[in-house]
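Colleague: Questions regarding the structure given below will be posed in turn.
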Amino acid sequence: MEYSVMNHPILSVCLSQDQMCLLVSCLGSLLVLFDVLSGEVLALYKGHTAESFAVQAQLCLNDQGVVCGSEDGQLRYWDLLDGSDHGPSWISAHVGQENNAEHQSILASISTFDNQCVSASHDGSICLWRAIPNS
């Protein structure tokens, strides 16, 4: 099946654990969740910036959420189903340092596992993020 992402260059793709959804990140700050079988757009996520540089997006928290890098160095989160950004708080620390930190340049690469995310930036830093459920 072919998916239309409005002729934007694709930056990353991520298949859900059940292989029913495909998350696609594109230039133009476009982040789309597709139904694998029908090609139907299930959700659009907004709030990150990907206009000039490649930033990755991944499904997280057992496919309940979406995380994405951004050109402003921030890690963005959305609820998978309703697209809201009201999810867990994410705390971070630079690898090799104890203080909480964020990237000072483009957050370009991410990898998720369980309730954690590792991100890398154009500033040469790597951060480990942990999701803290909101009370």
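Colleague: Taking the Cα centre of the range 19-135 as origin, sum charge times position over the Cβ atoms of Lys and Arg (+1) and Asp and Glu (-1), and report the length of that vector in debye to the nearest 20. Working shown, then result.
Modeller: On the way: 3 positive and 13 negative charges, 21 e Å.
Dipole magnitude for the range 19-135 comes out near 100 debye.
Colleague: Fully extended, how many nm does the chain gain between Leu27 and Leu15 (0.36 nm per residue separation, minus their Cα-Cα distance)?
Modeller: Working: separation 12, 0.36 × 12 = 4.32 nm, distance 1.88 nm.
Contour length minus the Cα-Cα distance gives 2.4 nm.
Colleague: Also: Relative contact order, percent, of the range 2-75 when contacts are C-alpha pairs under 8 Å separated by at least 6 residues? Kindly include the intermediate steps, with their values, before the conclusion.
Modeller: Values: 148 pairs, mean separation 18.5, N = 74.
Here the relative contact order equals 25 percent.
Colleague: Separate question: Hey, of (1) 1.09; (2) 1.26; (3) 0.96, which did the structure itself give for Rg/Rh (Cα atoms, Kirkwood Rh) when calculated?
Modeller: Calculated Rg/Rh (Cα atoms, Kirkwood Rh): the matching label is (3).
Colleague: Which loop chymotrypsin sites (Phe, Trp or Tyr not before Pro) in the range 51-95, with loop taken from DSSP, have no more than 15 other Cβ atoms within 10 angstrom of their Cβ? Can you show the working numbers first?
Modeller: Numbers: sites: Phe53, Tyr77, Trp78, Trp90; in loops: Phe53.
Sites meeting the loop and neighbour criteria: none at all.
Colleague: Given a 1.4 angstrom probe, I'd like the percentage of the accessible area of the chain that is carbon and sulfur, rounded to a whole number.
Modeller: Values: 3610 of 7290 Å².
Ligands and nucleic acids excluded, carbon and sulfur give 50 percent.
Colleague: Which whole-number value in Å² is the accessible area per residue of the chain, probe 1.4 Å? Please report the intermediate quantities before stating the final value.
Modeller: Details: 7290 Å² over 135 residues.
So the chain comes to 54 Å² accessible per residue, rounded to a whole number.
The values are calculated or read from the model by the stated rules, or taken from the named source; none is laboratory data. What you see is a predicted model, and the numbers here were worked out from it, not measured in a lab. No Cβ is skipped: glycine too gets one built from the backbone with ideal geometry, and neighbour counts run over all protein chains shown. The protein model used for the area step is the full one, side chains on, heavy atoms only, and it has no ligands, DNA or RNA in it. Shrake-Rupley method; radii C 1.70, N 1.55, O 1.52, S 1.80 Å.
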